[in-house]
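Quick note: the coordinates plus some simple rules give every number you see, no bench work behind them. Note that the coordinates shown come from a computational prediction; the quantities given were computed from them, not determined experimentally. Neighbour counts run over all protein chains shown; Cβ positions are idealised from the backbone, glycine included.
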Amino acid sequence: MTEATLRVLTWNVHSCIGIDGRLNPDRVCEHIRRIGPDIAALQEVDSRRDRRDGFDLLGGCLAGPGNHRAEVRTLRTPDGDYGHMLVSRWPISAWREHDVSFGSREPRSMIEATIESDLGRVNVLCLHLGLSPRERRAQALTIKALAEADNRPTIVMGDFNEPSGRGAAARILESDFRTAGRFRTWPSIAPLFALDRIWFEPSLALVRAGVQTAARRASDHLPLWADLRRVVTDR
């Protein structure tokens, strides 16, 4: 019998503006369909400046049935909203928004969702962390506390804004989580920095992971994906 796996994706879509300067949400959706995730965390989703509502468009970007979603709009303006979202092929049985803003810096929120997947019920945290080390440290401590409060397998993914992949947030998370790897994702045309990360608790195991280099013109970040499975323990 084939072992069940779960494909997750995180991608900062840069308001669907590619490195060629073109606003092209359809191009972003097409790359997501090619990767074929079961769960996708998408950052910098934007409906401002008289463009099509990115939340509505990207909310239907998974191929096949499903397209359950949760979204947070961290900036609201008269000409539209900006934030990030979670899209799932599997039902989202519950979700909530956590405000992880730090002082007077840009508003930040985290999505915490319970998803009924092929691996069973999993807890997924989707995020876009801040730019300062102190800010990311505080936000990582919130991630750690949320995972400890939940008895389900937890997956954490998003744009961590840590150029080396070994910053304040990574040092906090690595004691409780495993990583899908430090893949260079930014800038997309010639990646230097591992800004985007996928972490998961030890009850899950990594099968494979990678970046989608074919999507390098669709955003200034490369999409990062990972296939996960449950760890089978001997009894």
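Per-structure values
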| read-out | value |
| --- | --- |
| Label-point separation, residue 98 to residue 4 (7 Å along Cα→Cβ), nm | 2.5 |
| P(r) histogram, all alpha-carbon pairs of the range 3-46 included - 10 Å bins from 0, percent | 26, 52, 17, 5, 0 |
| Residue 229 versus residue 148: modelled label distance in nm, points set 7 Å from Cα along the beta carbon direction | 3.2 |
| Net length gained if the chain between residue 207 and residue 192 were fully extended (0.36 nm per residue, minus Cα distance) | 2.9 nm |
| Helical contribution to [θ] at 222 nm, DSSP H n ≥ 4, -39,500 (n - 2.57), averaged over the chain, rounded to 500 | -4500 deg cm²/dmol |
| Relative contact order (percent, whole number), the range 67-163, Cα cutoff 8 Å, 6+ residue spacing | 21 |
| Shape box of the chain [Cα atoms, principal axes, largest first, Å] | 58, 42, 35 |
| Environment charge of residue 62, counting only residues whose C-beta is closer than 13 Å and scoring Lys/Arg +1, Asp/Glu -1 | +3 |
| The chain - share of DSSP beta bridges that are antiparallel (%, nearest 5) | 80 |
| Extension gain from residue 116 to residue 174, taking 0.36 nm per residue of separation minus the Cα-Cα distance | 18.3 nm |
| Among 32-44, 179-191, the order from most to least packed when residues are scored by Cβ within 10 Å on average | 32-44, 179-191 |
| Length-normalised contact order of the chain in % [C-alpha pairs under 8 Å, at least 6 apart] | 21 |
| Cysteines in the chain lacking a second Cys C-beta under 4.7 Å | 16, 126 |
| Segment residue 217-residue 77, length gained on full extension (0.36 nm per residue, minus Cα span) | 47.6 nm |
| Residues in the range 150-173 that a label on residue 182 would reach, taking backbone N under 13 Å of a point 7 Å out along Cα→Cβ | 162-172 |
